[in-house]
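The values are calculated or read from the model by the stated rules, or taken from the named source; none is laboratory data. Nothing here was measured: the structure is a model prediction, and the numbers come from that model. Positions of Cβ are backbone-derived with ideal geometry, glycine not excepted, and every protein chain shown enters the neighbour counts. Note: accessible area is taken over every heavy atom of the protein model, side chains too, but ligands, DNA and RNA are not part of it. Shrake-Rupley method; radii C 1.70, N 1.55, O 1.52, S 1.80 Å.
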Amino acid sequence: MSRLVAGLVTLTLSLTPLAASANWLTKMKDFDPTLGELPESITTDQHGNLYLTMRNTVQKLTPSGVRSTYATLPVPPGVLAAGLKFNEDGELFVATGSLSPVPPAAYVWRVAGDGEVSVHAALDPEGFPNDLAFDDEDNLYVTDPLLGQIWKLDPDGEPSVWIDHPALDGDEDEPFLGLSHFGVDGIAFDKHHKRLYVGNLDYGTILRIKVQEDGSAGPLEFWVDDFEHLAGADGIAFDAFGNLFVAVNGQDRLVAIDPWRNVYVLAEGGLLDAPSGLCFGVTPWTRHNLYVTNFAITRAYGIKDGVPQPSLAKVTTLFPGLPL
């Protein structure tokens with residue numbers, strides 16, 4: 001049994017690699033699907049506040065549980081806010097996209113500390129900017145599952161295509177979620193920022209891309225290819241030991257992949273309803289908390305039967321998360 005499975009959560013929990021449920025997954029907050037409260041992505045600041053994208057807004061949740069609207073993005077109705085991350089200066093960056101190029105919705109927005117919103121980058125309207133990751137030079141990497149590529153934005157927001165590869169494309173013939181093909185989605189750097197890891201939602205793969213010394217994209221490799229367990233993969237997050245956690249949106253599942261590429265289903269069903277975003281806390285008292293947004297999109301859009309149950313959940317892990 002790997003250190004991941006042996007050590008996760010509590011000493012009293014006996015966790016098998018293919019656990020059908022997990023009583024160590026706890027719910028922090030419910031949201032109202034009738035009001036369109038479907039939390040897609042999540043991040044945190046250095047004070048322990050959580051930030052969630054919901055429709056065209058960013059919601060802030062304090063450590064004491066007080067919720068407020070941190071920012072409202074000036075996008076057309078129906079456009080969804082997706083990935084979000086803070087830079088070192090405390091500015092929040094948020095991606096928005098739509099399945100339709102008209103009106104344009106493919107943007108990365110900058111939200112200043114006072115909540116003022118401005119366009120950081122306008123990207124190809126045929127695409128869908130999704131998840132975000134910063135490197136050590138304040139460059140921002142943005143996945144685009146409709147175009148099957150990763151953008152790189154310099155600190156001024158100037159965009160370029162960092163990598164365009166067939167392994168990043170979605171499945172146009174049999175999209176896993178049914179609404180549209182969706183390829184490269186979740187994104188995370190490894191501990192040393194030498195490799196970038198991304199998931200492909202439609203194909204259930206985790207891809208690893210070497211970052212060259214000059215910052216360009218190096219070779220791409222299939223790190224894990226497991227359609228059975230990972231099809232529908234969305235947000236991803238590393239802990240400090242090198243275990244990669246995956247929110248498998250399309251299968252109501254939370255998965256962990258250890259450094260030796262062994263795949264473990266930690267939980268499915270129950271409190272999980274189309275989980276899409278993952279984020280570790282960064283304060284001394286929250287670094288072992290893995291937060292999970294239940295997007296509930298598959299039931300809200302009728303892809304699956306049942307009443308949508310959007311929420312915020314968390315699990316306590318043995319190893320702390322990597323710094324964002």
Matching residues in region 180-228 - criterion: being open to solvent by 40 Å² or more (accessible area, probe 1.4 Å), touching a helix residue (DSSP H, G or I) at 6+ places or on another chain (Cβ under 9 Å) and either in contact (Cβ under 8 Å) with a residue 60 or more places away in the chain or hydroxyl-bearing (Ser, Thr, Tyr) (or both): TYR203
Selection from region 80-112 of residues that are surrounded by 24 or more Cβ atoms within 10 Å (Cβ to Cβ) and hydroxyl-bearing (Ser, Thr, Tyr): THR96
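Quick one: in region 42-73, which of the residues that are polar (S, T, N, Q) and assigned to a strand (DSSP E or B) is farthest from VAL108 (Cα to Cα)? First the steps, then the outcome.
Residues of region 42-73 that are polar (S, T, N, Q), as a first pass: 43-44, 46, 49, 53, 56-57, 59, 62, 64, 68-69, 72.
Applying the additional criterion that residues be assigned to a strand (DSSP E or B) yields 43-44, 53, 57, 59, 68-69, 72.
Numbers: THR43: 15, THR44: 18, THR53: 13, THR57: 13, GLN59: 17, SER68: 22, THR69: 18, THR72: 13 Å.
Residue satisfying both the conditions and the ranking: SER68.
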The listed residue being within 18 Å of the chain's Cα centre (by Cα), more than 20 Å from LEU132 (Cα to Cα) and among the aliphatic types (A, V, I, L, M), out of VAL282, VAL307, VAL315, VAL292: VAL315
Conditions (1) over 25 Å from PHE31 (Cβ atoms); (2) in contact with a strand residue (DSSP E or B) (Cβ under 6 Å, 6 or more places away or on another chain); (3) without any contact (Cβ under 8 Å) to a residue 60 or more places away in the chain: number failed by ASP171: (2)
One residue from ASP114, ASP124, ASP202, ASP190 being at pLDDT below 95 and either among the basic types (Lys, Arg) or out of contact with any strand residue (DSSP E or B) (no Cβ under 6 Å at 6 or more places or on another chain) (or both): ASP114
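Output the residues belonging to region 200-216 that are assigned to a loop (DSSP other than H, G, I, E, B) and farther than 19 Å from ASP258 by Cα.
LEU201, ASP202, TYR203, GLN212, GLU213, ASP214, GLY215, SER216
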Filtered residue count, region 280-303, keeping only those that are surrounded by 18 or more Cβ atoms within 10 Å (Cβ to Cβ) and closer than 15 Å to ASP252 by Cβ: 9
Selection count, region 273-314, where residues are in contact with a strand residue (DSSP E or B) (Cβ under 6 Å, 6 or more places away or on another chain) and not in a loop (DSSP other than H, G, I, E, B): 16
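Residues checked against (1) under 16 Å from the mean Cα position of the chain (by Cα); (2) under 23 Å from VAL282 (Cβ atoms); (3) free of Cβ contacts under 8 Å to residues at least 24 places away in the same chain:
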{"residue": "LYS29", "(1), (2), (3)": "no, yes, no"}
{"residue": "GLY36", "(1), (2), (3)": "no, no, yes"}
{"residue": "LEU52", "(1), (2), (3)": "yes, yes, no"}
{"residue": "ASN56", "(1), (2), (3)": "no, no, no"}
{"residue": "LEU61", "(1), (2), (3)": "no, yes, no"}
{"residue": "TYR70", "(1), (2), (3)": "no, yes, no"}
Count of region 113-142 residues which are buried (at least 17 other Cβ atoms within 10 Å of the Cβ) and of a type in the set (Ser, Thr, Tyr): 1
Any chance VAL58 is modelled with pLDDT under 95 and touching a Phe, Trp or Tyr at 6+ places or on another chain (Cβ under 7 Å): no
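The rows are residues; the columns are (1) touching a Lys or Arg at 6+ places or on another chain (Cβ under 8 Å); (2) over 16 Å from PHE189 (Cβ atoms).
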{"position": "ASP214", "(1), (2)": "no, yes"}
{"position": "ALA217", "(1), (2)": "yes, no"}
{"position": "LEU220", "(1), (2)": "yes, no"}
{"position": "VAL224", "(1), (2)": "yes, yes"}
{"position": "ALA231", "(1), (2)": "no, yes"}
{"position": "ASP234", "(1), (2)": "no, yes"}
{"position": "ALA237", "(1), (2)": "no, no"}
{"position": "ASN243", "(1), (2)": "no, no"}
{"position": "ARG253", "(1), (2)": "no, yes"}
SER21 vs. criteria at pLDDT 95 or above, in contact with a Gly (Cβ under 9 Å, 6 or more places away or on another chain), within 21 Å of PHE245 (Cβ to Cβ) and of a type in the set (S, T, N, Q): no
Leading residue by the ranking (surrounded by the fewest Cβ atoms within 10 Å (Cβ to Cβ)) among those in region 143-167 that are among the small types (Gly, Ala, Ser) and either out of contact with any strand residue (DSSP E or B) (no Cβ under 9 Å at 6 or more places or on another chain) or under 21 Å from PRO104 (Cβ atoms) (or both): SER160
